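This report refers to the structure that appears directly beneath it.
The values are calculated or read from the model by the stated rules, or taken from the named source; none is laboratory data. Keep in mind that what you see is a predicted model, and the values were worked out from it rather than measured. Here the Cβ positions follow ideal geometry from the backbone for every residue, glycine too, while neighbour counts run over all protein chains shown.
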Amino acid sequence: MSSQPTELTQSRCGWTLLLAFALTLFLSAFLLFCVQPMIAKMILPLLGGSPSVWNTCMVFFQAELLLGYYYAHLITSLIEFRRQAVLHAGLLLLPLLLLPFSITPDLARSLSPAANPTGWLLGLLLVTVGGPFLILSATAPLLQRWFSLTSHPAAKDPYFLYGSSNFGSLLGLLGYPLLVEPRFRLAHQSQYWAVGYGCLVVLVWTCAALAWRSPAAAGSRAVGVPVETGPDRLGVGRQLRWIALAFVPSSLMLGVTTYIVTDLASIPLLWVIPLALYLLSFILVSARRPVIPHTWMCRLLPLLVALSLIVILFGATDPFWVIVPLHLVMFFVAAMVCHGELLNNRPMARKLTSFYLCMSVGGVLGGLWSALVAPVVFDRVVEYPLAIVLAALCRPAPRVAVENPRRRQLDLLLPVGIGALTVGLVLGVQALHLKMDKIGLTIMFGVPMLLWYHTLDRPLRFGLGVGAIMLASAFSPGAHGRVLHRERNFYGVLQVTRSSDAAYNILLHGTTIHGLQSRDPSRRREPLMYYHRTGPAGQVFQYAPRRNVAVVGLGAGSLASYAEPGQCWTYYEIDPAIEHIARDPRYFTYLRDCRASAVAVVLGDARLQLRTAPEQGYGLIILDAFSSDAIPMHLLTREALSLYRRKLTPDGVIAFHISNRYLDLAPVLGALARDAGLVSRVRHDANPSVTEQERGKSPSIWVVMAHRDADLGPLATDPLWVAPQDRPDAPVWTDDFSNIIEHFVIRS
């Protein structure tokens, strides 16, 4: 009978031990992944809202994670447990000196993002969040190793605790855009995060104290655990396999993130979805009992790879509710396959930190490749389809008793054949002058993919074959005609193409057309697309002419067609490549033909550069900045509007171009105008006539603001211009608060 209380006490101690470690790992991961979108949102306004901000932040966080894992591996290999505990408990206190986070104007100005945005961003991250993130990164592998030294029954295989850690990561990511961002300003978010970090310090100390009392921990240098026996060698090949399996989903995650945010908006909600799926795959594959059979994922992956690559080859972006979920599901299944293979090949607990270190190396390499190397090496987004092909190659091959050497040769030769066939079809379609429509694209890419799909039972052959088809697509002129110029930088991919009928030159940023100019000399000065004379832009210049004009966003320079002699125009453009293209007469001549007395282009973010402009210096300020289809959110805040008003003459007008496929921003601007005491009108020019479309006009949405109705002239009473519909109690967007979910729409 005396043994019953002892067994009950041991059971309670076991649950206390497990709960303490699980809760600490949960909170550590929650803080680790909640701070990522928070700090990125603080920095985003300083770099023009570019999607590269998030990808560069991800590389930094992955590198910090690698350093944290290396630190955990080092101290668990060289130092006995109790000294580890003292060292880490002390280091946990240092980040408290840097909290709460803040990016002050002096700190932002101390580094210049103009010459090297990537280096500037990495430096800013290092001095703000580098220390706390590094310490947090080491907590997960370190605590799992400490748990393996305890006498708990599950100590010999502590990998299940990775699920608790990943659950905290997932909750931190999803909780930020859904719960934290819409309710708290950035300053308050940083303060609450600091409080959470203080709680974590106490919990880590508690775990260290619980492990300290374990007999296995006394004098342990973490070179072995008594319950483990037998060799568990970590050969170079095995470690390289871990790195490769971690590399692919990391690269794929950044690729699908860029794909989504380029055409929507650089906002934490959209950043975190791929990262959340990435973490969810870890949670599912590390569960003690598999939630989704690994074989199901392996069988599903080839179909999703084929469909995703066809969508990329066809250049499809609509319908949104089909295209985006397809890419996300493909990414999730690929991550499940890679992470499943990774966890199925994990070592025993004594090699735990080595395993996590290799995983982190693979993750960092994937991030470096996608965010830093690929944008320099390639002039287009190649890394995303390449990562899809690599994911197909990571699928395990079916086991066979004896492999036929001829079949292995065919795995290399047949992909070459399918690539040659695709090239032949592409050149044949061009020779026959077929349109690059659905029929032409199906002949070029759909037929080869259909012929090749039957090889899915041979992962190497299938993966190399779809890679060959992707490579052959380089011979295709594309849906927007022949490419005249293409380049890529921190702000995205720019292309100048000539339409298939050779009538227009087209400027594209990502997948969105940003400028169009007729090659007909008689129409060379005619503003087209969103800037057509019969549209809202034409009315703004007809009824609100001003001497000095500021335009945020250069594009092809289409608006310069409205300039008149005696006017002074100033363009504010963040991307130097845009200016080079707009000034090159081989592509566009709007700036060269501009009739204004003076035209200047100021490079840099408009929010920063406008500060040096003369007070009340502009009679008309036009906001026409886009990153592909996404409007930088920091240009639509209370602080931004206050800056515009200071630079506006008392009778001046502010015009916003807010055409967008997925966001209804008119209510946002209506709330801003009401908050600032301004009058505002919006015109939805959604249905141009067939004749107008043939003449180069596109649908557009514009909003105008002024101090009084009289300043808007006839626009104030024109029935086409109406007051933006917004709720009187709608919160106003500021630099540290925005809620984009309620403004999300899908336009045809």
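Considering region 682-705 alone, what residues qualify as being among the small types (Gly, Ala, Ser), surrounded by 11 or more Cβ atoms within 10 Å (Cβ to Cβ) and free of Cβ contacts under 8 Å to residues at least 60 places away in the same chain? Scanning region 682-705 gives a single hit, ALA686. All conditions in (1) crowded, with 20+ Cβ neighbours inside 10 Å; (2) not in a strand (DSSP E or B) hold for TYR571, with the sole exception of (2).
For region 391-414, name all the residues that are within 34 Å of the chain's Cα centre (by Cα) and either modelled with pLDDT under 70 or part of a helix (DSSP H, G or I) (or both). The answer is ALA391, ALA392, LEU393. Only a single item in (1) closer than 30 Å to VAL180 by Cβ; (2) of a type outside the set (D, E, K, R); (3) surrounded by fewer than 19 Cβ atoms within 10 Å (Cβ to Cβ) is not met by TRP733, and it is number (3). Scanning region 646-681 for residues that are touching a residue at least 60 places away in the same chain (Cβ under 8 Å) and touching a helix residue (DSSP H, G or I) at 6+ places or on another chain (Cβ under 8 Å) yields a count of 14. With the requirement that a residue be β-branched (Val, Ile, Thr) and either buried (at least 19 other Cβ atoms within 10 Å of the Cβ) or not in a helix (DSSP H, G or I) (or both), what does region 364-390 give you? Once the filter is applied, which keeps residues that are β-branched (Val, Ile, Thr) and either buried (at least 19 other Cβ atoms within 10 Å of the Cβ) or not in a helix (DSSP H, G or I) (or both), region 364-390 yields VAL364, VAL381, VAL382, ILE388, VAL389. Taking interchain pairs and intrachain pairs at least six residues apart, which have beta carbon atoms under 6 angstrom, with the first residue in region 522-544 and in the same structural domain as THR691 (by TED's automatic domain parsing) and assigned to a helix (DSSP H, G or I) and the second modelled with pLDDT of 90 or more and of a type in the set (Phe, Trp, Tyr)? Here the result reads PRO536/TRP702; ALA537/TYR531; PHE541/TYR562, each pair linking region 522-544 to a residue that is modelled with pLDDT of 90 or more and of a type in the set (Phe, Trp, Tyr). Checking the stated criteria, ALA640 turns out not to satisfy the condition of being at pLDDT 90 or above, small (Gly, Ala, Ser) and over 15 Å from ILE658 (Cβ atoms). Just one of the listed residues (ALA723, ALA673, ALA706, ALA730) is aliphatic (A, V, I, L, M), over 23 Å from VAL324 (Cβ atoms), at pLDDT below 85 and over 25 Å from the mean Cα position of the chain (by Cα), namely ALA730.
Here's the yes/no breakdown for (1) more than 30 Å from ARG523 (Cβ to Cβ); (2) assigned by TED's automatic domain parsing to the domain that holds TYR644; (3) in a loop (DSSP other than H, G, I, E, B):
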| position | (1), (2), (3) |
| --- | --- |
| GLN693 | no, yes, no |
| ILE701 | no, yes, no |
| MET705 | yes, yes, no |
| ARG727 | yes, yes, yes |
| VAL732 | yes, yes, yes |
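Filter region 597-624 for residues that are within 32 Å of the chain's Cα centre (by Cα) and among the aliphatic types (A, V, I, L, M) and give the result. Matches in region 597-624: VAL601, VAL602, LEU603, ALA606, LEU608, LEU610, ILE621, ILE622, LEU623. Of ARG547, ARG592, ARG498, ARG524, all but one fail to be under 23 Å from ALA613 (Cα atoms), of a type in the set (Lys, Arg) and surrounded by fewer than 22 Cβ atoms within 10 Å (Cβ to Cβ); the exception is ARG547.
Here is a yes/no grid of residues against (1) in contact with a Ser or Thr (Cβ under 8 Å, 6 or more places away or on another chain); (2) within 30 Å of GLN542 (Cβ to Cβ):
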site: SER700; (1), (2): yes, yes
site: VAL703; (1), (2): yes, yes
site: HIS707; (1), (2): no, yes
site: ASP711; (1), (2): no, yes
site: TRP721; (1), (2): no, yes
site: ASP736; (1), (2): no, no
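Within region 497-511, the set of residues being out of contact with any helix residue (DSSP H, G or I) (no Cβ under 7 Å at 6 or more places or on another chain), in contact (Cβ under 8 Å) with a residue 24 or more places away in the chain and assigned to a strand (DSSP E or B) comprises TYR504, ASN505, ILE506, LEU508, HIS509. Within region 576-600, restricting attention to residues that are in a loop (DSSP other than H, G, I, E, B) and of a type in the set (A, V, I, L, M, F, W, C), which residue is farthest from GLY515 (Cα to Cα)? Ranking the candidates gives ALA596 first.
The set of residues in region 545-559 being in contact with a Cys (Cβ under 9 Å, 6 or more places away or on another chain) and either among the β-branched types (Val, Ile, Thr) or not in a loop (DSSP other than H, G, I, E, B) (or both) consists of ASN548, VAL549.
Within region 453-467, the set of residues being closer than 13 Å to ILE418 by Cα and either without any contact (Cβ under 8 Å) to a residue 60 or more places away in the chain or in contact with a Lys or Arg (Cβ under 7 Å, 6 or more places away or on another chain) (or both) comprises HIS454, THR455, ARG461, GLY465. Among the residues of region 647-688, what is the count of those that are assigned to a helix (DSSP H, G or I) and under 11 Å from PRO724 (Cα atoms)? Here the count works out to 9.
Does at least one position in region 261-268 carry a residue that is β-branched (Val, Ile, Thr), in contact with a helix residue (DSSP H, G or I) (Cβ under 7 Å, 6 or more places away or on another chain) and at pLDDT below 75? Scanning region 261-268, I find at least one residue that is β-branched (Val, Ile, Thr), in contact with a helix residue (DSSP H, G or I) (Cβ under 7 Å, 6 or more places away or on another chain) and at pLDDT below 75, so the answer is yes. Scanning region 120-157 for residues that are aromatic (Phe, Trp, Tyr) and over 22 Å from the mean Cα position of the chain (by Cα) gives TRP146, PHE147. Listed by first and then second residue, the pairs with beta-carbon distance under 9 Å, at least 6 apart or on different chains, first residue in region 169-194 and at pLDDT below 80, second polar (S, T, N, Q) and in a helix (DSSP H, G or I), are LEU173/GLN36; GLU181/GLN189. In region 470-522, which residue that is under 28 Å from the mean Cα position of the chain (by Cα), among the hydroxyl-bearing types (Ser, Thr, Tyr) and closer than 19 Å to SER558 by Cα is modelled with the lowest pLDDT? Once the filter is applied, the top-ranked residue is THR511. Screening GLY467 with (1) closer than 30 Å to VAL703 by Cα; (2) under 28 Å from the mean Cα position of the chain (by Cα); (3) not in a strand (DSSP E or B) gives one miss only, at (1).
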